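Novice: Starting off with a structure, shown below.
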Amino acid sequence: MRHFEEQARQRALYPRIEKIEVSMHGPGLDGTLLIMNRGMSTPLSCARHLTEHHVKNSALALVDGEPWPLHQPLTSSCSLTLLTFKDSDPTLVNQAYWRSCAALLGQVIETAFKDEYTVELLSTPEVAVTSGAFCCDVVLDPQLDSWTPSEESLRSLTRGAQQLIHQDQAWEPLEVVPSVALEVFSHSRCKQEEVEQKASQNPKGTVMLYRCGDHVLLSGGPLVARTGLCSQYEVTALHNLGQGSWGVQRRAQGLSLPLQLQAHHTVWRKLRQRAEKLVRATNLCFLPQTVVQQS
């Protein structure tokens with residue numbers, strides 16, 4: 001509930017509607033000027049003033065040259081570019097997509113086990129798209145320390161992810177001060193530590209939360225607009241990394257392609273075999289490669 005209350009409080013900061021000018025850029029859009037509402041209108045709102053194509057295919061935005069989530073309100077007059085997976089340079093979109101797929105995996109794992117088992121999501125490692133799989137690190141209940149996931153277990157996690165994809169839920173961003181985030185994650189000592197770490201690294205001293213349905217997560221960077229942008233999606237592995245500071249640490253891995261990029265089943269099979277291998281999350285930088293270049 002704290003997340004919803006904070007969202008309402010922030011929206012109330014703009015009681016009087018002020019207009020801003022949004023200068024659109026991109027194929028066929030240069031010179032287009034939209035008059036929008038400060039603190040209320042989002043890049044997605046702008047897309048809705050254009051065409052259905054822009055609404056369906058936009059995954060991320062550039063606002064004055066900076067990556068910007070589609071659901072994050074605009075706070076001043078700006079230039080705006082809507083980004084898609086088929087842009088000539090899809091680097092930023094692919095980074096956000098891989099990060100979003102990992103967020104989806106964490107959400108599924110957190111709700112996949114029976115209530116008597118605790119699940120602690122660790123800080124999500126950011127790995128290059130070229131590593132072959134996105135990752136989500138987790139510590140399961142000590143009762144499950146000796147558990148080895150079966151193929152059916154992985155298929156069950158995949159079905160959970162596909163349900164969220166089918167629901168086409170938005171990833172809604174909300175920038176908050178640490179005290180709000182600490183309250184949101186009062187159930188997780190690990191997440192509280194992560195909040196303090198991220199806040200200390202941010203010049204503004206804030207952290208970015210994302211809400212997807214009832215699930216709230218921390219993210220180290222922007223996510224794409226919605227779960228429905230994912231298409232082919234499969235949970236491929238759950239590796240045991242050994243004892244960590246929070247318990248037995250595991251790395252869940254998966255593979256996905258977005259709605260606009262499809263792979264033939266023979267190509268997908270090769271990509272999947274690669275995505276089963278443990279990803280060593282030592283390289284925390286993304287490389288400028290597209291998702292489909294994994295093959």
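The values are calculated or read from the model by the stated rules, or taken from the named source; none is laboratory data. From a predicted model like this one, the values you see are computed outputs, not experimental measurements. All Cβ positions, even for glycine, are placed from backbone atoms using ideal geometry, and neighbour counts span all protein chains on display. Areas reflect the complete protein model, heavy atoms only, side chains present, ligands, DNA and RNA absent. Shrake-Rupley method; radii C 1.70, N 1.55, O 1.52, S 1.80 Å.
Novice: Given 0.36 nm per residue, what is the gain on full extension from Lys114 to Gln260 after removing their alpha carbon distance, in nm?
Specialist: Working it through step by step, the gained length comes to 49.0 nm.
Novice: Given a Förster radius of 41 Å and the C-beta distance between Arg155 and Ser88 as r, what FRET efficiency does 1/(1 + (r/R0)^6) yield to the nearest 0.05?
Specialist: E(calc), rounded to 0.05, equals 0.65.
Novice: To test your reading of the geometry: what angle, between 0 and 90 degrees and rounded to tens, separates the Cα axis of helix 91-112 from the longest principal axis of the chain?
Specialist: Relative to the chain, helix 91-112 is tipped by roughly 50 degrees.
Novice: Moving on to the next point. Using only Cα atoms and rounding to the nearest 10 degrees, what angle (0 to 90) does helix 2-11 make with the longest principal axis of the chain?
Specialist: 10
Novice: Now, a different point. Remind me, relative contact order of the chain in percent, using alpha carbon pairs under 8 angstrom and six or more residues apart?
Specialist: 20
Novice: Kindly report the accessible area of the range 223-263 per residue (heavy atoms of protein chains, probe 1.4 Å, no ligands, DNA or RNA), in Å².
Specialist: Per residue, the range 223-263 has an accessible area of 30 Å².
Novice: Alpha carbons only, please: Rg and Dmax for the range 94-133, in angstrom.
Specialist: Computed over the Cα atoms of the range 94-133, radius of gyration and Dmax are 12.1, 37 Å.
Novice: Another question, if that's okay. Could you tell me which of rounded, prolate or oblate describes the range 159-261, using a ≥ b ≥ c as the square roots of the eigenvalues of the alpha-carbon gyration tensor, with rounded for a/c under 1.5 and, failing that, prolate when a/b is larger than b/c and oblate otherwise?
Specialist: Since a/c reaches 1.5 but b/c is at least a/b, the shape of the range 159-261 is classed as oblate.
Novice: I've got another one for you. In nm, give the distance between the simple-model label positions of Ser186 and Arg280, each being 7 Å from the Cα along the Cα-to-Cβ direction.
Specialist: 4.3
Novice: Percent relative contact order of the range 195-236, based on C-alpha pairs within less than 8 angstrom and at least six residues apart?
Specialist: Relative CO of the range 195-236 lands at 24 percent.
Novice: If you roll a 1.4 Å probe over the heavy atoms of the protein chains, what accessible area per residue do you get for the range 1-152, in Å²?
Specialist: That works out to 48 Å² per residue.
Novice: Let me understand the chain better: what is its radius of gyration from the alpha carbons, and its Dmax, in angstrom?
Specialist: Rg, Dmax (Cα atoms, Å): 19.4, 61.
Novice: Give, in nm to one decimal, the length gained when the segment between Thr51 and Lys270 is fully stretched (0.36 nm per residue of separation minus the Cα-Cα distance).
Specialist: 75.2 nm
Novice: Count neighbours as other Cβ atoms within 10 Å of each site's Cβ, and list the trypsin sites (Lys or Arg not before Pro) in the range 162-221 that are DSSP loop with at most 16 such neighbours.
Specialist: The qualifying sites are Lys204.
Novice: Can you show me the helix-derived [θ] at 222 nm for the chain, built from DSSP H runs with n ≥ 4 at -39,500 (n - 2.57) apiece and divided by the number of residues, rounded to the nearest 500.
Specialist: -9500 deg cm²/dmol
Novice: Dipole magnitude of the chain about its Cα centre, charges +1 at Lys/Arg Cβ and -1 at Asp/Glu Cβ only, in debye to the nearest 20?
Specialist: The dipole magnitude comes to about 480 debye.
Novice: Please work out how much accessible surface His265 shows to a 1.4 Å probe, ignoring ligands, DNA and RNA, in Å² rounded to 10.
Specialist: His265 has an accessible surface of roughly 120 Å² with all protein chains in place.
Novice: How high is the FRET efficiency between Glu66 and Thr130 when r is their beta carbon distance and R₀ equals 30 Å, given to the nearest 0.05?
Specialist: 0.80
Novice: While we're looking at this one, here's another question. Leaving ligands, DNA and RNA out of it, report the carbon-plus-sulfur percent of the accessible area of the range 172-282 at a 1.4 Å probe.
Specialist: Carbon and sulfur together cover 48 percent of it.
Novice: Using a 10 Å Cβ count of at most 16 others and DSSP loop calls, identify the longest part of the chain lacking such GluC sites (Glu not before Pro).
Specialist: 117-295
Novice: Regarding the range 19-88, what are the three Cα extents along the principal axes, ordered largest first, in Å?
Specialist: Result, largest extent first: 31, 22, 22 Å.
Novice: Pulled fully out, how much extra length does the chain show between Glu21 and Ile35, if you take 0.36 nm times their separation in residues and subtract their Cα-Cα distance?
Specialist: Gain on stretching Glu21 to Ile35: 4.6 nm.
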